[in-house]
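First the structure, in the form of structure tokens, and then the observations on it.
The values are calculated or read from the model by the stated rules, or taken from the named source; none is laboratory data. Keep in mind that what you see is a predicted model, and the values were worked out from it rather than measured. Cβ coordinates were reconstructed from backbone atoms using ideal geometry, including for glycine residues, and neighbour counts include every protein chain displayed. Please note that ligands, DNA and RNA were not included when accessible areas were found on the heavy atoms of the full protein model with its side chains. Shrake-Rupley method; radii C 1.70, N 1.55, O 1.52, S 1.80 Å.
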Amino acid sequence: MRKLVSPAGIAAVLGTAVLLSAALAGPGTWGGAATEPAIVDRLAPAGAEHLFGTDDLGRDIFARVMVAARLSLLLTAGATAIGVLGGVLVGLTAAVLPKYPRRALVWVMDMLLAFPWLLLVLFCTVIWGATATGAMLAIGLAGIPNLTRLVYNLAASVSGQDYVRAARVVGVGPFGVLFRHILPNIANPLLVQAAASASVTLLAFAGLSFLDLGVQAPEYDWGRLLNEGIGSIYTNPMGAIGPGITIVFAGLVFTLVAEALADQAGQGVRSVTAAGRASMAPTGPGRAARAEDAAAPDGAVPQGAGTALAEVTDLRIAFPDGEGGLVERVHGVSLSVRPGEIVGIVGESGSGKSLTAMALADLSDASAVVRSATRRFDDIDLNTPLARGEGKRLGTELGIVFQDPLTSLNPALTIGRQLTEVSRTHLGMNRGEARERAAARLRAVGIPDPGDRLRDYPHQFSGGMRQRAMIGMALTGNPRLIIADEPTTALDVTVQKQVLGVLHQAQQATGAAIVLISHDIALVSGFCDRVVVMKDGAVVEELDARRIREEAGHPHTKGLIACLPDMRSDRDRPLPVIDAPLSAVAPPDEAVQGGAVAKVPAGDTGTRSRPSAT
Amino acid sequence: MATAPGPVRPAEPAPASARFTDRLSPRASFAIRRTGRLVASLLIVVVASFLVIHLVPGDPVRAALGPTAPVGLVENTRADLGLDEPVTRQFADYVAGLLQGDLGTSIQTRQDVAEVIAARFPTTLTLASLGFLVAIAGALPIGMGAALLARTARGRSANPVVSGGLGVLIAVPDFLLSVGLIAVFSVWLGLFSPAGWGDLRSSVLPVLGLSLGPMAYLARIVQVEMIKVLDSTYMTTARAKRLPQRIVLFRHALPNIVTATLTVGGLLLSGLTAGTVVIETVFAIPGMGNTLISAVQTKDYPMIQGVVLVFALMVLAVNLIVDLILITIDPRTSISEG
């Protein structure tokens, strides 16, 4: 019940109290002023005496609004009840029906849903006539398809749960399942939906009465009062605005009730605003942030820094923690890549290897706060805004291959379009030249009929082909560095080998350097010249790939290597476990940060967009 | 009235095994399913509009003409409407009439229903089309802009204002919004006229009243979709190519937004068609919606039948157009249902 004390909860309770007291006490308190004609006072403008003015018979409009609360709310309750009960009945019936009748029923409801709801209401109004009861039936019935859909979807999702299947297996009949398992589990979302649909119903009722199709004179509800008020909107605007505001207020109260209920059920959407609040990071995101102190990097010493093609020193990457602070995920990493060199970065998930590589490519997420002493590609300083020609050079000289080619290729654009745009934008080629180049690159990565395949969309390629196309795309410029972020993880084993082969050939042909990120130390040590081992956002060791088994010094690296089974492995013994738990290895403060990472809310883009790539 | 009855839930994907259409290409299977649905919808619409007069409890002719009408008149009218015939015969006549463009004669005014509709349809069509255009033209930049804003530190502080404004526009039903527009722009500022149709002075408010609600709702969908798209890996791929910002946004992001937006927003746009009924009444515009409301009030059943049928056909036409756009722009047709 703690959540009821949220602002929405308090507002919902207060609003409900106001509406209820108006509905209960309204006719008794204001009944006289609302019904007694007073010709002297007719069409008086709004003022202290008459808050909303008076109508053409001199009746106080504010009093009439208060009196109308009872009828308006009763009709709303009636129509909502019809809609919800009908929806539950039809929806649950659909849920327990056998396959074909169920499909037919859902199909009919879907068909009705395709029609605007107002049209359904009008259709029903025709049948029962323009009366209060007719409107109540019409609005209630017209709401059934939507609620049916909701109930059916909820029930279908619950009945897919293991405990419901288990109940079926032990022989509980459809009605037993319905009442003992499904209904209790969908009751809460249903309640939320009922409150939300009450809000819509109230507005709909006001609308029908406003159109002269609902409550008829001499009776009146809020919509009828609005209808009467708009006639004299020039002489007394409050006569229309007053009832209008009342309708909006009542609708808002129902919405707030729905929100408060939803909050209680733990379905709130608060995290988005919480993420928004974290926006005020101490320094701006991305390259705008530059470390003031070029402190000596801890851990690894960059090799060959003088001749490096790309390098970062003392790279620190932090993300908003959703509560106004920052969580540092990469702690002072230094890394350099020489021209033509193949560097592997190995580490488990969350070790910061992808974050490091993305910062090296200047492609960090917008929410990331990136700081480093130096961060450059060739002679392009990535810590300062890019100059005019530098973007073009990065676009052509730096290629990227991601883990899952299905998500890293744009599904709405043809392969040809995606493989030609770098040539056309940056290399000044015309369409024909660019397509020729793209076809040549596709042929180079082993895709047959490349000319025809350019017209295909990514979904028409198989997984391995897509990754080949992605590598081909990285080659369309004149790459000097290719960053491959787990390029084979999403592929099956036989395809993995082919894709690595393609990458290797590309390296041979272009002489580009490669940064290969992986969690697989065997793969990396077989493919790379040099291996960088990362753990918990820091580099723990850098090794020559050929001598990795002999030279591994850090216990984490040794653990990774020990896990690799080979021909001599004793198959009866369990594989070794790497390391102790996080807290035993990492310094205490990092352990805390490790825990804090999990708190980054769903709305935050930084850590969620590539959950498995780090 | 309210723009959308509660959240619109996308339909659950059908089980893959049981459909013969699965063996076809996604596009063909989508086209077949949607054509099937269109034909079925047409049937339902025709039957429903035929049934209007038969579902009315009691004697519809007596109800329409009032308790004081002479018996002879009631009998004659009933005979005119063919209500003395067996129902199957009536339905056959009704369908035959429809195919010849004959929608019957008004009980109240004795006018030819088809002629009345023909005279009023262009106004409603213009209003609805302008409403679509304004809704879409407003929703795309607002939604995309809001999503981009949310990613900058400065923009995030403006975000609650944007989403609050959109929330109000979504929550306030069109008839109230229209009353508010009249109060501000006609009564207070005197900029636009509160009723009528045809010139700029009278047309601005109806179009706004019709489109602002759907526009806000669409803008929110666009915003959510845009955030999803911006977070996707293929947008990082596009950024890696260092393309000009406008190419990244319009070529790489926009097509992916349009698909999802149209799938959900199609319902909204067809709802806008019916919204003209409300708007025409508020602004006293001589269109089909106005005709429908007065026909319902006077129980002029042939007129109701005709107008409801035309409105339903408009809705089906909008759905068809949305489907055609989807099938053209979405290569995957991942739109399995919905």
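If only residues of segment A:444-467 that are of a type in the set (Lys, Arg) and open to solvent by 40 Å² or more (accessible area, probe 1.4 Å) are counted, the one that is farthest from the other protein chains (Cβ to nearest Cβ) is A:Arg453.
Only one entry of B:Ala171, B:Ala195, B:Ala183, B:Ala240 meets the criterion of being at the interface with chain A (Cβ under 9 Å from one of its Cβ atoms) and open to solvent by 40 Å² or more (accessible area, probe 1.4 Å), and that entry is B:Ala171.
For segment A:101-110, state whether one or more residues are at pLDDT below 85, crowded, with 19+ Cβ neighbours inside 10 Å and outside any loop (DSSP other than H, G, I, E, B). Checked segment A:101-110: at least one residue is at pLDDT below 85, crowded, with 19+ Cβ neighbours inside 10 Å and outside any loop (DSSP other than H, G, I, E, B). Report yes if B:Asp93 is of a type in the set (Asp, Glu) and within 14 Å of another protein chain (Cβ to nearest Cβ), otherwise no. No, not satisfied. Pairing each residue of segment B:69-81 that is without any contact (Cβ under 8 Å) to a residue 60 or more places away in the chain with any residue that is assigned to a helix (DSSP H, G or I) and open to solvent by less than 60 Å² (accessible area, probe 1.4 Å), provided the two are 6+ apart or on different chains, yields C-beta distances under 6 Å for B:Val74/B:Val61; B:Val74/B:Leu65; B:Thr77/B:Val61; B:Arg78/B:Val61.
The set of residues from segment A:418-443 being open to solvent by 40 Å² or more (accessible area, probe 1.4 Å) and within 12 Å of chain B (Cβ to nearest Cβ) comprises A:Arg424, A:Thr425, A:Leu427.
Go through the residues of segment B:219-226 one by one and say whether even a single one is facing chain A (nearest Cβ under 10 Å), open to solvent by less than 40 Å² (accessible area, probe 1.4 Å) and part of a helix (DSSP H, G or I). No; the residues of segment B:219-226 include none that is facing chain A (nearest Cβ under 10 Å), open to solvent by less than 40 Å² (accessible area, probe 1.4 Å) and part of a helix (DSSP H, G or I). Residues considered: A:Ala361, A:Ala387, A:Ala373. Of these, the only one that is more than 10 Å from chain B (Cβ to nearest Cβ) and buried (at least 20 other Cβ atoms within 10 Å of the Cβ) is A:Ala373.
For segment A:434-441, the criterion of being under 21 Å from A:Pro411 (Cβ atoms) and touching a residue at least 40 places away in the same chain (Cβ under 8 Å) is met by no residue. Could you grab me the full set of residues in segment B:73-92 that are more than 26 Å from B:Ser294 (Cβ to Cβ) and either open to solvent by less than 40 Å² (accessible area, probe 1.4 Å) or not hydrophobic (A, V, I, L, M, F, W, C) (or both)? Correct list: B:Asp84, B:Glu85, B:Pro86, B:Thr88, B:Arg89.
For every residue, the table says whether it meets (1) over 40 Å from the mean Cα position of the chain (by Cα); (2) of a type in the set (Lys, Arg); (3) crowded, with 21+ Cβ neighbours inside 10 Å; (4) not assigned by TED's automatic domain parsing to the domain that holds A:Ala17.
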site: A:Asp60; (1), (2), (3), (4): yes, no, yes, no
site: A:Thr76; (1), (2), (3), (4): no, no, yes, no
site: A:Gly86; (1), (2), (3), (4): no, no, no, no
site: A:Ala94; (1), (2), (3), (4): no, no, yes, no
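Considering (1) exposed (fewer than 11 other Cβ atoms within 10 Å of the Cβ); (2) at pLDDT 65 or above, the lone condition that B:Val52 does not fulfil carries the number (1).
Scanning segment A:133-150 for any residue that is open to solvent by 50 Å² or more (accessible area, probe 1.4 Å), out of contact with any Pro (no Cβ under 6 Å at 6 or more places or on another chain) and among the β-branched types (Val, Ile, Thr) turns up at least one such residue. For A:Leu394, the conditions (1) within 14 Å of chain B (Cβ to nearest Cβ); (2) assigned to a loop (DSSP other than H, G, I, E, B); (3) touching a strand residue (DSSP E or B) at 6+ places or on another chain (Cβ under 7 Å) all hold with the exception of (2). Number of residues in segment A:473-487 that are under 19 Å from A:Leu523 (Cβ atoms) and part of a strand (DSSP E or B) equals 4. Looking at segment A:241-255, can you tell me whether even one residue there is of a type outside the set (A, V, I, L, M), facing chain B (nearest Cβ under 9 Å) and within 35 Å of the chain's Cα centre (by Cα)? So far as segment A:241-255 goes, yes, one or more of its residues are of a type outside the set (A, V, I, L, M), facing chain B (nearest Cβ under 9 Å) and within 35 Å of the chain's Cα centre (by Cα). Residue count for segment A:404-417 satisfying the condition of being at the interface with another protein chain (Cβ under 8 Å from one of its Cβ atoms) and either open to solvent by less than 10 Å² (accessible area, probe 1.4 Å) or farther than 22 Å from B:Thr328 by Cα (or both): 4.
The set of residues in segment B:262-308 being more than 10 Å from every other protein chain (Cβ to nearest Cβ), open to solvent by 10 Å² or more (accessible area, probe 1.4 Å) and under 29 Å from A:Asp110 (Cβ atoms) consists of B:Leu262, B:Thr263, B:Val264. Quick check: is even one residue across segment A:205-215 facing chain B (nearest Cβ under 8 Å) and of a type in the set (D, E, K, R)? Looking through segment A:205-215, at least one residue is facing chain B (nearest Cβ under 8 Å) and of a type in the set (D, E, K, R).
With the condition kept exactly as written, say whether any residue in segment A:188-204 is touching an Asp or Glu at 6+ places or on another chain (Cβ under 8 Å), within 12 Å of chain B (Cβ to nearest Cβ), of a type outside the set (A, V, I, L, M) and over 21 Å from B:Gly167 (Cα atoms).
No: zero hits.
Taking the conditions exactly as written (more than 7 Å from chain B (Cβ to nearest Cβ), surrounded by 24 or more Cβ atoms within 10 Å (Cβ to Cβ), over 15 Å from A:Ile139 (Cα atoms) and over 31 Å from the mean Cα position of the chain (by Cα)), does A:Gly223 satisfy them or not? When the stated conditions are applied, A:Gly223 does not pass them.
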